[in-house]
Amino acid sequence: MAQHERNQDATLYVGDLADTVSEEMLWELFVQCGPVVNVFIPRDKVTNSHSGFGFVEFRTESDAEYAMKIMNRITLYDRPLRVNMSGSDKRAADVGANLYIGNLDPQVDEQLLYETFSAFGNIIGNTPKVMREAETGESKGFGFVNYDAFEASDLAIQAMNGQFLCGRSVTVQYAYKKDGTRGERHGTDAERSLAAANPLRQHTQAVYAGGRHSTVSGNGAAPPPPPPGMGGAPPPPPGGVPPPPPPGMGGAVPPPPPPGGAGPGAVPPPPPPGGAAPMPPGKSTLVALVHSAIHIALWNMLIFFVYFHRRWNGSNARVSSRVSHFSARHSTALELSAIVS
């Protein structure tokens, strides 16, 4: 049976595996990101135990890159996984864009560093890494982050140096070299030239910062924002020539804008002749409600007046009848007294 030839460009290195992690478990975990071709965990031939790392091969390179971004630092059996491109890709990606992160709070761990600095580019190697005391495991207050491009490291320094992380202002700068060159930091012109000449890396890196994707140029600077007032609209064509009319207008030129523009300080148009100015939206309903309330109040007053008027007239009629009846009786009594006398 022919041995399977691994596609190195579509293979991921998965490190910091717990002893209980098996190949079947890795398959079930990574197949959620894309079609998996092969999973391999090197094991000792005598004890059958593995050394805490393995390899996951995907069908395409895009699936591997997507899985690396999603699964890196995912916790499995209380241990965050390290997911990177394997083999020559890892060595080619290490261009020297290594950063030193100083003045870290004791609560800052690798997960927080990854969530913070992965926004500027692709983190590679065994980083982020917080240096700790060997006996107690307490943080020494500094760590390291490696990128696969100087554009990402430059952007991270520009954005994070002096910023607060867990209540402390962190220091972000290029780390010192470990190749025997004392006092020299990474990020030199020689390293940048070698990185630019590397055929296995792209010269333009797409980074995610501030909730938006932006393309960083070769000098590490982000593209300039649009001029004020454009609102993100494309710039006008050179020469001041207006763009052609949209389809469906029959070639007609659209009317020019009114004088003064339509900005926040523009004067509203005059009302039509012979009529009142149009009522602002939302006030017609209020006026109608006020009119209805006035009509109802007038009707209530009219009913109240008619009711009391009728009662008043009835009372007067009863009083008049009683006075007439008393006067008649009084006159009769006077007549009888006159006759008797």
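The values are calculated or read from the model by the stated rules, or taken from the named source; none is laboratory data. A quick note: this is a predicted structure, and the numbers were derived from the prediction, not measured. Neighbour counts run over all protein chains shown; Cβ positions are idealised from the backbone, glycine included. Ligands, DNA and RNA are excluded from the accessible area calculation, which covers all protein heavy atoms including side chains. Shrake-Rupley method; radii C 1.70, N 1.55, O 1.52, S 1.80 Å.
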Checklist entry - What residues qualify as long-range amide H neighbours of Leu99, i.e. H under 5 Å apart, gap of 5 or more or another chain, H built at 1.01 Å from N? => result Val145, Asn146, Tyr147, Ala175
Checklist entry - Can you pull the percent of segment 33-88's accessible area that's carbon plus sulfur, 1.4 Å probe, other chains left in place? => result 51
Checklist entry - What relative contact order, as a whole-number percentage, does segment 1-130 give when Cα pairs under 8 Å and 6 or more residues apart are counted? => result 27
Next on the checklist: Amide H of Lys129 versus every other amide H placed in the peptide plane: which residues, excluding those fewer than 5 positions away on the same chain, fall under 5 Å?
Outcome noted: Phe144
Item to check | Spacing of the two label points (7 Å from each Cα toward its C-beta) at Val46 and Ser169, in nm | outcome: 5.6
Checklist entry - Non-local amide H neighbours of Asn122 (under 5 Å, H modeled in plane, Pro and chain starts lacking H): which ones? => result Asp148
Checklist entry - Mind listing the phi-derived Karplus ³J(HN,Hα) values for segment 161-174, rounded to whole Hz, using 6.51, -1.76 and 1.60 with θ = phi - 60°, and x for any glycine or proline? => result 5, x, 7, 8, 9, 6, x, 10, 7, 8, 9, 10, 8, 6
Next on the checklist: Stokes-Einstein diffusion coefficient for segment 92-133 at 10 °C in a medium of 1.306 mPa s, Rh from the Kirkwood formula over Cα pairs: what value in µm²/s?
Outcome noted: 140
Checklist outcome for this item: Quick calc of log₁₀ I(q)/I(0), segment 21-77, Debye, one scatterer on every Cα, no solvent, q values 0.13, 0.22, 0.28, 0.31 1/Å, result -0.34, -0.86, -1.21, -1.35
